[in-house]
Amino acid sequence: MQSEKILVINCGSSSIKYKVFRMPEENILASGLMEKIGEENSHIKHQVPGKIFEVNIIIKNHIEGLEIISKYLRDKNLGVVENVKEITGVGHRVVHGGEGFNRSVIITEEVLKKIEEYKNLAPLHNPHNLAGIMASRKLFSGSTQVAAFDTAFHTTIPPVAYLYGLPYCLYKDSSIRRYGFHGTSHRYVSRRSAELMGKDKYRVNVITCHLGNGCSITAVKDGHSIDTSMGFTPLEGLIMGTRSGDIDPGIMFYLAEKMNLDFKQLNNLLNKESGLLGLSGISNDFRDISREIKKGNERAMLSLEVFCYRMKKYIGAYLAVLGKTDAVIFTAGIGENVPLVRKKSLENMENFGIILDEEKNNATIPKEREISRNNSPVKVFVIPTDEELRIAYDTYQFVLKREH
Ligand code: AMP
């Protein structure tokens, strides 16, 4: 298999994460994070094996950010190429692909138009993704540009699961439906679990739990997503770092009226001040919460309990939706690193065929492992996710096709 250098770009609202992979070897040649773009104190951390370079400079926008990244990648000391032409593919994470994209695609004018159209469905994400794509098309003009959509894996969800109990015209005329996110991760860990069970990827029913800063859970039937906890936006579903997940929408009307909160304040409350941070009053980071739990902090413990209870309800719902389940998979920051969350979310579920092995659950190596008892009818796995690597794979496939 021929080797290619693939750049993966993930443009957030004020950040750019990037990685250069040598594919298919999966070697990371360079990686970096640019933060606080558009602010006074932008920060860049750029890494190549054995070297870390950090600097604070003002970066006005994503275009300027990508220009700097392209310069670093060509730098004698910090770079990985002499000429940008050596980067044959650029994969972009795009959050919203609407109903239109069920897989990664090469970015054409038509694709750009669609991403532009979906801007109003994901105003916090797609405009920045798009800015990254436009800049990258200029800076890496010879390379194959690929878009990988967070929503793509979930386009197989049927209407019974994606429709809300709202007037149907809101779906038809305004595209209000559940879309789901984290698709790249759910797809990867579900495929990987099939490999670990020695089964065909289209013959497994699994529940995938992506628990990171954002959290979502997906029911995968015969290899296809048939339901997921995030909805029209990534706010619905599980409790997250700072997002509330499911709430009664009536609370919003109540707060608007009684506390005079406006649309912006409500938005902030649900997206930035809720979840683990809001419940614990400590942090959105489970490492801080775990530390406080060890010290006996009751609010920290309560936030963990609420988090896991919500998880358990969703797992129970998806067991019912799937009928027969082969495995439950935990991934991302919390899913991979917090045994107590896995334990509490699956407690007393022996009657549903889920029997966790405490010792395996508490072990830390290998990272990818089965954590259920040998006699557990439903297997439980920890499978580290790597969304950038998945995007690199998709991009690599397109580069190979183009070159043949
Ligand atoms: P991610 O979005 O997958 O990068 O996950 C980030 C979140 O995972 C953090 O905000 C933490 O809550 C959690 N996390 C990451 N590493 C650990 C760890 N070693 N122990 C506990 N929680 C962790």
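Things to note:
- Cα-based Rg of the chain normalised by 2.2 N^0.38 Å, two decimals: 1.00
- Only helices enter this figure: runs of n ≥ 4 DSSP H residues, each worth -39500 (n - 2.57), summed and divided by the residues of the chain, yield -11500 deg cm²/dmol at 222 nm to the nearest 500.
- If you wrap the stretch 34-189 in the convex hull of its Cα atoms and look at it from every side, the mean projected area works out to 11.3 nm².
- Solvent-free Debye scattering, log10 I(q)/I(0), computed from the Cα coordinates of the stretch 1-47 at q = 0.23 Å⁻¹: -0.76
- Contact order normalised by residue count of the stretch 291-404, Cα under 8 Å, 6+ apart, percent: 23
- Magnitude of the charge dipole for the stretch 305-380, about its Cα centre and with charges confined to Cβ atoms of Lys, Arg (+1) and Asp, Glu (-1), is about 180 debye.
- Exposed loop sites were defined as GluC sites (Glu not before Pro) in DSSP loop states (anything but H, G, I, E or B) carrying at most 16 other C-beta atoms within 10 Å; in the chain the longest segment without such a site runs 100-272.
- Given charges at beta-carbon only (K, R positive; D, E negative), |dipole| of the chain in Debye: 380
- For Val81, the accessible surface of its heavy atoms amounts to roughly 10 Å² (probe 1.4 Å, protein chains only, rounded to the nearest 10).
- J(HN,Hα) series, the stretch 357-364, from Karplus relation 6.51 cos²θ - 1.76 cosθ + 1.60, nearest Hz, glycine and proline x: 9, 4, 5, 5, 5, 7, 5, 10
- The chain - share of DSSP beta bridges that are antiparallel (%, nearest 5): 65
- Convex hull of alpha carbon positions in the stretch 191-242: directionally averaged projected area 3.7 nm².
- The equivalent ellipsoid of the stretch 299-368 has semi-axes of 19, 17, 11 Å, largest first, where each one is the square root of 5 times an eigenvalue of the Cα gyration tensor.
- Computed about its Cα centre, the charge dipole of the stretch 193-262 is approximately 280 debye, with only Lys, Arg, Asp and Glu carrying charge at their Cβ.
- Relative contact order (%) - criterion: Cα under 8 Å, at least six apart; region: the chain: 14
- Angle of helix 126-139 to the longest C-alpha principal axis of the chain, folded into 0 to 90 degrees and rounded to 10: 30°.
- Measure of compaction for the stretch 238-374 (Cα Rg per 2.2 N^0.38 Å): 1.20
- Here's how it looks for Asp357: its modeled amide H is under 5 Å from those of Ser372, Arg373, which are all 5 or more places away or on a different chain.
- Listed residues Met197, Met252, Met134, most fluctuating in the chain (Gaussian network, C-alpha, under 10 Å): Met252
- With viscosity 0.692 mPa s and temperature 37 °C, the Kirkwood radius over alpha carbon pairs of the stretch 69-142 converts through Stokes-Einstein to a diffusion coefficient of 242 µm²/s.
- Shape analysis of the stretch 127-206 yields a ratio of the Cα radius of gyration to the Kirkwood radius, Rg/Rh, of 1.11.
- Inter-site label distance for Glu117 and Asn41 at 7 Å from Cα along Cβ, in nm: 4.3
- Free of any trypsin sites (Lys or Arg not before Pro) that DSSP assigns to a loop and that have at most 11 other C-beta atoms within 10 Å, the longest stretch within the chain is 77-294.
- Legend: Rg and Dmax of the stretch 137-286, from Cα coordinates, 18.3, 57 Å.
- Pairwise centroid distance, computed over Cα atoms, of the stretch 192-243 with the stretch 327-363, Å: 15
- Relative contact order for the stretch 147-223: 26 percent, from Cα pairs under 8 Å spaced at least 6 residues apart, divided by residue count.
The values are calculated or read from the model by the stated rules, or taken from the named source; none is laboratory data. Just so it is clear, the structure is predicted and the values come from calculations on it, not from any experiment. Every residue, glycine as well, gets a Cβ built from its backbone with ideal geometry; the counts of neighbours run over all protein chains shown. Areas reflect the complete protein model, heavy atoms only, side chains present, ligands, DNA and RNA absent. Shrake-Rupley method; radii C 1.70, N 1.55, O 1.52, S 1.80 Å.
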